[in-house]
Amino acid sequence: MRPLLVAFSLLTSSAAMAQAATSQEALPTPPASEPREAVEPSATAPQQPAAPQPPRANAPTVPEASPSIDERLTADEHRVEALEEQNTETKNDLSALKKLRFSGYVQGRYQYQQDLDDSGAGGYSRFGIRRGRLKATYTTDLTQFMLQIDAVPTGVALRDAEATLFVPGTKQQLSVTLGQMKWPFGYEGPQSSSDREFPERSRVVRNMLPSERDRGAKVNARYKFLRLAVGVFDGAGIDSGTTQDNDKEKDVIAHLGFDLKWLAGGVSGWYGHALGRLPSDTFRHAYDRSRIGADLQAYFDVVPLGGTSLKGEFIAGRTYGAANNAAHLDVPAHGWYLLLVQNIGLNDAVAVRYDTFDPHNGQADLAAGELPGADNAVDTVGFVVQHHFGENLKMSATYEIPTTHAVAQALDPHDNLFTLQMQARF
Amino acid sequence: MKKTLLSSFVAFGLAVLPLSAQAGTVTVKGSDTMVILAQRWAEAFMKKNPATKIQVTGGGSGTGLAALQNGTTDIAMSSREIKEAEEEKLRTRYNTPPTAVSVAKDGVTFYVNASNKLDALTVEQLKDIYLGDTTSWKAVGGADAPIVLYSRENSSGTYVFVKDTVLGGDDFAAAAQTLPGTAAVVNAVSKEKNGIGYGGAAYAKGIKELKVKKGNEAFAPTAENVKSGKYPLSRDLFFYLRNKPSGEAKAFIDFALSAEGQAIVTQVGYFPVK
């Protein structure tokens, strides 16, 4: 045991000595140009540092050799340089992070719908999560990446996945986007659901632009007050039930708009085909899928309570509806809405909307027993009161009264709908 | 049931009707370039109108415009024009187009060392210098010496102005040294004989303010040239509001635009709009 201890003691002491030697060697040698007094100990200073002694009473204190002003300045300059370097590094990291932006919103709801008929059938009282969106956007001078998902009780679905190139030299006024994105048609379709006053889009937009999105390529251009968006899309939309287009038909969709600050609007066009087979067809046929639209938004400052806006949109088209648009193949339809919004102070607003949709132009209103026909026109009047709790939370109460055109003994269904919605966004 | 639903709806509506805004206080937030100016205006205005309180804070143009969107300020100060996206957000949220009021003008000035024999450059030459395409003073008629570039931090409105107006949106040369304020830029240029920097109009020893050439004429960043728009690098300093100014906010803006208010603009070092 004793020899072992001796060996260990020798080993540790030699290691310590070696370390000390290395440290001495690593000490920097002063540059030749540096002033002598800055590097050489003063003549009065001891060769070896003496152990500190308690100061004697009344004894004059000997000032320790302090670094010269030059030395201190040099040291400070080095420190500042080091800090500047760190600062630059941090700024570089932060500038990269600043290009990445996360945003999103959740819409929680309570809804009550009247019984649809006098038998007590239909209607509901339920809580739900209408939208749970999370969006990531990374934007540089030349490119933009955007991905948006929707997490709701039925699952998580991809809403948008866009890759955009801003054409160099155009200050982002001209861009090309490929991926899954909103159709460039009209006003309410492309508008974010988080900005809308009413919980759902008007009936005509829901039918003509189901899910509002599709896969395709789009060019966006802006010149002064003019806006142009034109794209080529698969055409059936992301609610069509297919994850890829299985035909060679493509739809061309465009919106030409203007923005004069207090007045904005535009015209839209859509031309394409939907493959399908009507009962009279032996084989599938490419039926026209087309739309024309016009939209206008006016913003006023006439009521002393706050801003007022009036928005309207008209859409007419052929072949529409969800599920591969086959439900209304080759059927002409049209509809429009008018929306009036009045702000009251900074945090409140009231709105009223009238929308109408005729699902089959030229077809007389029908009755199916005591109920109106499925393709009868529907007019809806809706009222909203909304309140902003700060910048992140909006609460709205909406009451909508749909009136289905009825004939003979058929009655307008009792389908008035109350929606209380709380929207949190960041 | 319809009656019950309608009653609930009306009750909710009444419950959320707005509380009256805090009377007597106008908040002004935004551009750091404009903070001192707005503070001077506020001091002078509050002396005349003791019942009104004007709260002025900085944070940058973007911060002010964001506060306007969020409803946390009455007036946003901005040394740049509002962006389309910001304007769209304001319209969507408040259903009215925002109002812009130009309250002062500023001339972005390029400085060189006092020993530099150059007096004027074109915007194109300045662009080439700051993009790093021109690296020697000789190329623009000066001495045979390398150009030392000084710039501002990217959070500065002046940086954004130069980037957009002079560089056409392109990035500054990597060699440009970033400094935290106009005073730092002026100081650096006064010490570096081959230096060039930019900022607001500055009257300091050791530097020379460059004129900017437009055609055959060269314009100095004087009050007259900035006000008339002849100086190519002049910009407006704005107050932005959610809607048309009214009440105390309007009174404050009217004061800023009055002869007394515009005299303060000159005292602070900017140029009057009237």
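The values are calculated or read from the model by the stated rules, or taken from the named source; none is laboratory data. If you're wondering where the values come from, they're calculated on a predicted model, not measured in any experiment. Every residue, glycine among them, receives a Cβ derived from its backbone with ideal geometry; neighbour counts consider all protein chains shown. Please note that ligands, DNA and RNA were not included when accessible areas were found on the heavy atoms of the full protein model with its side chains. Shrake-Rupley method; radii C 1.70, N 1.55, O 1.52, S 1.80 Å.
Some points to look at:
- B:PRO180 meets each of the listed conditions (1) within 14 Å of another protein chain (Cβ to nearest Cβ); (2) under 30 Å from B:GLU86 (Cβ atoms); (3) more than 18 Å from the chain's Cα centre (by Cα); (4) open to solvent by 30 Å² or more (accessible area, probe 1.4 Å) apart from (3).
- Scanning segment A:129-152 for residues that are of a type outside the set (A, V, I, L, M, F, W, C), within 8 Å of the chain's Cα centre (by Cα) and open to solvent by 50 Å² or more (accessible area, probe 1.4 Å) yields a single hit, A:LYS135.
- B:THR25 falls short on exactly one of the conditions (1) in contact with a Ser or Thr (Cβ under 9 Å, 6 or more places away or on another chain); (2) free of Cβ contacts under 8 Å to residues at least 12 places away in the same chain; (3) within 14 Å of chain A (Cβ to nearest Cβ), and that condition is (2).
- Test: residue in segment B:243-255 that is among the aliphatic types (A, V, I, L, M) and within 14 Å of chain A (Cβ to nearest Cβ): yes
- The residues in segment B:230-257 that are assigned to a loop (DSSP other than H, G, I, E, B) and open to solvent by 40 Å² or more (accessible area, probe 1.4 Å) can be counted, and the count is 4.
- Within segment A:392-401, tally of residues that are crowded, with 16+ Cβ neighbours inside 10 Å and over 16 Å from A:TYR124 (Cα atoms): 4
- Residue tally, condition of a type outside the set (Ser, Thr, Tyr) and buried (at least 17 other Cβ atoms within 10 Å of the Cβ), over segment A:380-391: 7
- Restricting B:VAL160, B:VAL226 to residues that are assigned to a helix (DSSP H, G or I) and either free of Cβ contacts under 8 Å to residues at least 60 places away in the same chain or over 22 Å from B:ASP133 (Cβ atoms) (or both) narrows the list to B:VAL226.
- For segment B:224-235, the criterion of being modelled with pLDDT of 85 or more and under 30 Å from B:ARG93 (Cα atoms) is met by at least one residue.
- Count of segment A:218-246 residues which are open to solvent by less than 40 Å² (accessible area, probe 1.4 Å) and assigned to a loop (DSSP other than H, G, I, E, B): 6
- Restricted to segment A:402-416, and to residues there that are at pLDDT 90 or above and open to solvent by 30 Å² or more (accessible area, probe 1.4 Å), the residue that is nearest to the other protein chains (Cβ to nearest Cβ) is A:THR403.
- Qualifying residue in segment B:134-157 (condition: within 14 Å of chain A (Cβ to nearest Cβ) and over 20 Å from the mean Cα position of the chain (by Cα)): no
- Listing of strands (runs of 3 or more DSSP E) fully contained in segment A:92-178 that carry 3 or more residues being within 14 Å of chain B (Cβ to nearest Cβ): A:100-113, A:124-139
- Residue in segment B:41-59 that is within 14 Å of another protein chain (Cβ to nearest Cβ), modelled with pLDDT under 95 and open to solvent by 30 Å² or more (accessible area, probe 1.4 Å) present: no
- Segment A:334-379 - residue that is of a type in the set (Asp, Glu) and buried (at least 19 other Cβ atoms within 10 Å of the Cβ) and, of those, farthest from A:ARG291 (Cα to Cα): A:ASP348
- Subset of segment A:265-317 (residues that are of a type in the set (Ser, Thr, Tyr) and within 21 Å of B:TYR94 (Cβ to Cβ)): A:TYR299, A:THR308, A:SER309
- If the condition is being open to solvent by 50 Å² or more (accessible area, probe 1.4 Å) and among the hydrophobic types (A, V, I, L, M, F, W, C), then segment B:142-159 contributes only B:ALA143.
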